1. If you check residue 112 against the conditions, is it within 24 Å of the chain's Cα centre (by Cα) and farther than 30 Å from residue 343 by Cβ?
2. Which one of the conditions (1) buried (at least 18 other Cβ atoms within 10 Å of the Cβ); (2) under 30 Å from residue 190 (Cα atoms) does residue 91 fail to meet, given that it meets all the rest?
3. Please find, among 185, 218, the residue that is near the ligand (Cβ under 10 Å from one of its atoms) and closer than 28 Å to residue 330 by Cβ.
4. Test residue 345 against the criterion of being modelled with pLDDT under 90, assigned by TED's automatic domain parsing to the domain that holds residue 187 and not β-branched (Val, Ile, Thr), and give yes or no.
5. Based on what the data block shows, is residue 184 in a helix (DSSP H, G or I) and of a type outside the set (Phe, Trp, Tyr)?
6. Test residue 245 against the stated conditions and say whether it is surrounded by 18 or more Cβ atoms within 10 Å (Cβ to Cβ) and outside any strand (DSSP E or B).
7. Among the residues of segment 50-73, is there at least one that is open to solvent by 40 Å² or more (accessible area, probe 1.4 Å) and modelled with pLDDT of 95 or more?
8. In contact (Cβ under 8 Å) with a residue 40 or more places away in the chain, open to solvent by 20 Å² or more (accessible area, probe 1.4 Å) and either basic (Lys, Arg) or not in a helix (DSSP H, G or I) (or both) - does that describe any residue in segment 348-361?
Amino acid sequence: MVAAANTGANSHYDIVIVGGGMVGISLALLLRAQQPWNILLIEAQELASSDGPVSGAYSSSFDARSTALSWSSKNIYQSIGLWPQLKKHLSAIAQIHVSDRGHVGMTRIDAGDANVDALGYVVENQWLGSVLLNQLTKTDIQLLGSCKLETIEPLASGMRLQLQQADKDLQTIETKLLVIADGAGSTTAQQLGIQSQSTPYDQTGIIANVSLEKPHGGVAYERFTDQGPMALLPLADFKGRPRSALVWTQPRAMAETLMAADEQAFLEQLQLRFGYRLGHFKQLGKRVAYPLALTTATEQVRRHLVVMGNAAHSLHPVAGQGFNLSLRDAAALANSLAEAGDRIGDLAVLQNYQQQQAIDQRNTVLFSDSLPKLFGLSSSIVALGRNSGLLAMDLIPSLRNSFAQFGMGMATREPGNG
Ligand SMILES: Cc1cc2nc3c(=O)[nH]c(=O)nc-3n(C[C@H](O)[C@H](O)[C@H](O)COP(=O)(O)OP(=O)(O)OC[C@H]3O[C@@H](n4cnc5c(N)ncnc54)[C@H](O)[C@@H]3O)c2cc1C
């Protein structure tokens, strides 16, 4: 197992991160780039299987979720030297094509509108995870896979934690700062009495990779239908064949029918809803269904404690903002801690971090929450309004620029910016 190289037992840490998902690992790497803190990362699952992708070998299949990385995420990964590795298997978004099925409105946002090379970059999570984990194992950050956090006891100087790793004795450690990044509805945060508020969208997001007849030309399609929004994001070709990553939001019952349908029937429904801009859909990868909800933690910081990633805010995926926001949070936290000297657990330091990110978080949550609601409504007046909105966006370059800049994570700090 990968973690074997750096799992040497220690009993005192500067920072312990619970959750080795995309956010937990990215944060660990951002922290390591700042200071030689003594860091431990705990993950409930095995950090990599014996034949896992940690060697950096790339094996694409049709079963992976993909993430649209924003311009701000690119800058963050570039700052810690990971971009050249990530770049090997990602697809740049040259244009975003927004349309509304059955209505006339449509708009195109070009990278040129925002004076950038790309509006974002689509990476398969499998590859992102592989690059992050591979980098992590090259550092001295300690890793404990198959490990559960049993108890948390707040102390004056930090937190005392009891850890249970598979087949090992219970281990007691102390840390100056505990970062909870264990996903939506965090059970670790609940142990400390931090609840999460969850509002279900009564929608399910189905993801799958789709191979295409025509090249996607770097175009990301956002299509709003009366059943819910769908996105087809450009992926790097695989074995010479163009592919896009589908995120298709459906009412729960419809999603169940689509999940049960055979490949042919699924592709026919998709074709019906999307049309023929990419020619005929050729092949479908593994489908995975995600029930969708807006979930936010009631608290994000306490003395010696930060809640991050989906554990802090889990968003509707239609705007592709959840991970990008969390990465901006992680970069901001790493910067704040670097300036804090030996006061990394101080409430004032952590509150200052939260204050810095508050506007970005509020705007991003609002944007991600309002988009599916606005386009999910089917009354003709709303349809007229949203079409005029799309037409207006096509006619008014500054509106398009705002949308483009938001998607890139550039206009999130000051409302109305851009
Ligand atoms: C369909 C879909 C498409 C999306 N597309 C985009 C996109 O294009 N762009 C974008 O920015 N965002 C996107 N997102 C959002 C993005 O996937 C999330 O923001 C991101 O996965 C959050 O990562 P995380 O590390 O916080 O949580 P998770 O990925 O849930 O990771 C949490 C980790 O903690 C571990 N864990 C859980 N409990 C414990 C415990 N008690 N002890 C130790 N470890 C524990 C888990 O095993 C897991 O590894 C999308 C989401 C969905 C559902």
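The values are calculated or read from the model by the stated rules, or taken from the named source; none is laboratory data. Bear in mind that the values here come from a model prediction, so they are computed numbers and not experimental data. Cβ atoms come from the backbone with ideal geometry, glycine included; neighbour counts cover every protein chain shown. The area values use the complete protein model at the heavy-atom level, side chains included, leaving out ligands, DNA and RNA. Shrake-Rupley method; radii C 1.70, N 1.55, O 1.52, S 1.80 Å.
1. no
2. (2)
3. Answer to the selection: 185.
4. Answer is no for this residue.
5. No.
6. Spelling it out, it is not the case that residue 245 is surrounded by 18 or more Cβ atoms within 10 Å (Cβ to Cβ) and outside any strand (DSSP E or B).
7. No, that holds for no residue.
8. Within segment 348-361, not a single residue is in contact (Cβ under 8 Å) with a residue 40 or more places away in the chain, open to solvent by 20 Å² or more (accessible area, probe 1.4 Å) and either basic (Lys, Arg) or not in a helix (DSSP H, G or I) (or both).
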